[in-house]
Structures are given as structure tokens and as C-alpha cells.
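The values are calculated or read from the model by the stated rules, or taken from the named source; none is laboratory data. Everything numeric in this text was worked out from a predicted model, so none of it was measured. Note that each Cβ is placed from the backbone with ideal geometry, even for glycine, and that neighbours are counted across all protein chains shown. Just so you know, the surface numbers come from the protein's heavy atoms only, side chains and all, with ligands and any DNA or RNA stripped out. Shrake-Rupley method; radii C 1.70, N 1.55, O 1.52, S 1.80 Å.
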Amino acid sequence: GSVSYSASKGDLAYTLSLQNRGGRGAIGGDKYVVTDAAGVVTERRDQVVHNEFDDARLTGEFKYGARGPVRADLTLVYDPYWNSFNNFQRRFDNGDPNDWRTKQRIWGYAASATGDVAFKVGPGELKLIGVDSYEHAPSTSVQTDDYASGAPATGSFFGRDSRISETIGRAEYHWKLG
């Protein structure tokens, strides 16, 4: 869902909004089979997959001086997100049946500020543009195998703490010839 509020006062117009792009889903059943090249069944699986995510986005858009000698735009965004993924499979192959599990978690946020300001300089107009964005996206993934025979469990863990940023500055000058 989403909600927004817009207003203006003098030369300033603004919109504040909140939007959540969330989702939930699951699949499952015991009809999954794995075959070899000749079509012979080598493994049967009873599988349950469950996924949840939320992506809440808060935005502020500000515009100043639409008709004046100085015009400015500023957009601020804060976007936290969460994702939880679980995959459970009971696998029956020609050897030892096992329970295979994967759990993945992602939680992070993105934030950005973009803006420009334009004003008269000499015979033309100078426009200064800036962008600053940042994302922090930590995640974990755990995969385990538990064997019905009592053999030692196996598994793996992967974790990442990703941080991404970008800053851009630019100037444009426009004028009419002749």
C-alpha cells in the first residue's frame, strides 16, 4: 500500500510519501522428482518453500521557485527492506534419505539525496546537479543436511555485509545563440 501528502506554501511545493512493496509466498508438495538422462528417477523430494519480504520506501520531494529566477528540486529517499527465505526438502534417493534446509536473510536499506538548482548567469542559465546515494545490504545464508542414518550433519554458512555508495556532481550551462 501507499500514502502521500502534497502541499505548497509560496514558492515551495512538496510531496511526502510512504510506500510498502511487501510480499508473502509459499509452495510445497511431494511431487518433485529428479531423473537421470535416461529418465530413470534417482531422487524424490518433499519440499516446502516460504518467502517473505517488505520494502518500505519513504520519499520527500521538494520543488522551489517554479516561475522564479532561481529554481530548485530536492528528492530524499529512505528505503529499508527485509527478506526471509526458507527452503526445506526431505530428499529420498538411492542412498541415505536426508533433510536439506536453506535459510536466507537479507535486511538493509538504501538512502539517497538528489537535487538541482538553476539560476541566471550572464546570458544563460547555470544548473548545478548533485546525487548522493548509499546502500547497506547485509545478508546471511545457511544450508544444512541432516541424515536419517545418523551420519554427521553437513552444511555451509555464507554472510556478507555489502556497502555501496555513489556521489555525483555536475554543472550545466544553457544559452541561446543569435
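For (1) out of contact with any Phe, Trp or Tyr (no Cβ under 9 Å at 6 or more places or on another chain); (2) of a type in the set (G, A, S), each residue gets a yes or a no:
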{"residue": "T42", "(1), (2)": "yes, no"}
{"residue": "V48", "(1), (2)": "no, no"}
{"residue": "D55", "(1), (2)": "no, no"}
{"residue": "G60", "(1), (2)": "no, yes"}
{"residue": "P69", "(1), (2)": "no, no"}
{"residue": "L76", "(1), (2)": "no, no"}
{"residue": "S84", "(1), (2)": "no, yes"}
{"residue": "D93", "(1), (2)": "yes, no"}
{"residue": "D99", "(1), (2)": "no, no"}
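Any residue in region 30-42 that's without any contact (Cβ under 8 Å) to a residue 60 or more places away in the chain: show its pairings with residues that are open to solvent by less than 70 Å² (accessible area, probe 1.4 Å) and part of a loop (DSSP other than H, G, I, E, B) at Cβ separation under 6 Å, as long as the two are six or more apart or on different chains.
T42/D36
Pull up region 152-174, narrow it to residues that are at pLDDT 95 or above and of a type in the set (A, V, I, L, M, F, W, C), then point me to the one that is nearest to L76 (Cα to Cα).
I168
Quickly run through region 43-64 and pick out the residues that are farther than 23 Å from A110 by Cβ and open to solvent by less than 50 Å² (accessible area, probe 1.4 Å).
If the condition is that a residue be farther than 23 Å from A110 by Cβ and open to solvent by less than 50 Å² (accessible area, probe 1.4 Å), then E43, Q47, V49 are the ones that fit.
May I ask you to list the residues in region 44-81 that are modelled with pLDDT of 95 or more, more than 16 Å from A13 (Cα to Cα) and touching a Lys or Arg at 6+ places or on another chain (Cβ under 8 Å)?
Selection gives R57, V77, Y78, D79.
Pick from T144, T114, T154, T167: which is free of Cβ contacts under 8 Å to residues at least 24 places away in the same chain and among the β-branched types (V, I, T)?
After applying the criteria, what remains is T154.
Here is a check on your reading of the model: is A171 in contact with a strand residue (DSSP E or B) (Cβ under 6 Å, 6 or more places away or on another chain) and either open to solvent by less than 50 Å² (accessible area, probe 1.4 Å) or small (G, A, S) (or both)?
Yes; evaluated as a whole, the condition is true for this residue.
Could you pull out the residue among I168, I106 that is in contact with a Ser or Thr (Cβ under 7 Å, 6 or more places away or on another chain), in a strand (DSSP E or B) and of a type in the set (V, I, T)?
I106
Considering (1) open to solvent by 40 Å² or more (accessible area, probe 1.4 Å); (2) modelled with pLDDT under 95; (3) out of contact with any Lys or Arg (no Cβ under 9 Å at 6 or more places or on another chain); (4) not in a loop (DSSP other than H, G, I, E, B), say which one S149 fails and leave the rest.
Failed condition: (4).
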